[in-house]
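Structure first, then comments.
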Amino acid sequence: MSPVTAWAVVAGAGLGLGLLIVLLRMPATNQPRFADRVAPYLRSTGADTQLFARHGAPVVPFGAAGRLFAPLLHALVGRLDRFSMDTDQLRRRLDQADSSVTPAEYRLQQVAMATAGALLGATVNLLAFVSGTFNAFLAVLSVLVLGVLGFALRDNMLSGQIKRRRSRMLTEFPTVAEMMALAVSAGESAPGAFERISRVTRGELHVELTKVLHDVQSGLGFSQALKAMATRVESAPISRFLEGVIVAMERGTPLADVMHAQAQDVRDLSKRELMETAGKKEISMMVPLVFGVLPLTVVFAVYPGFELLSLAV
């Protein structure tokens, strides 16, 4: 490898690392979790004393460089947790996506996509070898990178499927909650309301309600079936609604009032998310105005003056 090529590889790797850090720290990919947002407003209820607690910062290897890149490494480790070989976690994610694919089939699909990426890299390197621009180091690196990207692409597809399904469920949830409240107000019990709504609705929540009814019919308690649904869905508004139903059944609280309140909370949440999305889109809305409309307006305003000056000269 020539020195110019080596420096080009190093510069490209540095540029890629810098762009990766910028991408990971952008607002769209670095949104705080709900637990992080409410943590400053909560107090610890632990009874242990802080007298003998160690308040020093954790020791990080490599000194200042380690402290500088520690947040990035923690974020990368958190993202790599999704690629673990834990079958139970994978099965839970497949249930969240309502996928009929088994964990074994999913792993085979990941291997197939990784193989396809490696074959694509091998094909490109073969063409480079035929054209006389082949480089062994870049060939091995490209095959490995494309193989890893193919492996990660299947996981990203599953994550996108889970996110889209969760969004559809949140869209359907206020209407379903109102229908359940009306059914309970009309005299139905909670299991009866779930059964009635599952018969007249369609969509993602219909699938989850049907699973709850199947669990109840198989002998599982209604509260346990609702807890299983909350674990399966992993959506904060729906989990709060199901927990409210469980608490109301255990303590005798009127179910209709609880369901109406939960449905109103979800509607307010959707409004807040819409306002947050609109606030984030302000910058993107300014791009065509600043780089398109404004220069065109300046040109239309200045060009006639230049023409008159050229005619006068």
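Among the candidates E172, E195, the residue that is under 20 Å from P237 (Cα atoms), touching a Leu at 6+ places or on another chain (Cβ under 8 Å) and either not in a helix (DSSP H, G or I) or not basic (K, R) (or both) is uniquely E172.
For region 125-140, a residue qualifies if it is within 14 Å of V9 (Cβ to Cβ) and either exposed (fewer than 15 other Cβ atoms within 10 Å of the Cβ) or β-branched (V, I, T) (or both), and the qualifying residues are A136, F137, V140. For residues in region 207-238 being among the small types (G, A, S) and over 14 Å from R165 (Cβ atoms), which is modelled with the lowest pLDDT? This residue is A236.
Confirm whether A104 is modelled with pLDDT of 60 or more and over 19 Å from F151 (Cβ atoms). No: the conditions fail for A104. Are any of the residues in region 164-174 touching a Phe, Trp or Tyr at 6+ places or on another chain (Cβ under 8 Å) and within 22 Å of D95 (Cα to Cα)? Taking every residue of region 164-174 in turn, at least one turns out to be touching a Phe, Trp or Tyr at 6+ places or on another chain (Cβ under 8 Å) and within 22 Å of D95 (Cα to Cα).
Residues in region 142-170 that are in contact (Cβ under 8 Å) with a residue 60 or more places away in the chain and of a type outside the set (K, R): F151, A152, D155, L158, S159, Q161, I162, M169, L170.
Does F83 satisfy the criteria of being touching a Phe, Trp or Tyr at 6+ places or on another chain (Cβ under 8 Å) and at pLDDT below 65? In short, yes. G252 meets all of the listed conditions (1) closer than 14 Å to S189 by Cα; (2) within 22 Å of the chain's Cα centre (by Cα) but one, namely (2). Screening the candidates G203, G252, G244 for the property of being without any contact (Cβ under 8 Å) to a residue 60 or more places away in the chain, on the phi > 0 side of the Ramachandran plot and surrounded by 12 or more Cβ atoms within 10 Å (Cβ to Cβ) yields one hit, G203. Restricting A248, A263, A278 to residues that are in contact with a Ser or Thr (Cβ under 9 Å, 6 or more places away or on another chain) and assigned to a helix (DSSP H, G or I) narrows the list to A263.
Could you count how many residues in region 98-141 are among the small types (G, A, S) and either in a loop (DSSP other than H, G, I, E, B) or touching a residue at least 60 places away in the same chain (Cβ under 8 Å) (or both)?
Summing the residues that are among the small types (G, A, S) and either in a loop (DSSP other than H, G, I, E, B) or touching a residue at least 60 places away in the same chain (Cβ under 8 Å) (or both) in region 98-141 gives 3.
Screening the candidates R54, R67, R43 for the property of being part of a helix (DSSP H, G or I), basic (K, R), at pLDDT below 70 and more than 24 Å from the chain's Cα centre (by Cα) yields one hit, R67.
The values are calculated or read from the model by the stated rules, or taken from the named source; none is laboratory data. All figures in this text were calculated on a predicted structure; none of them were measured in a lab. Positions of Cβ are backbone-derived with ideal geometry, glycine not excepted, and every protein chain shown enters the neighbour counts.
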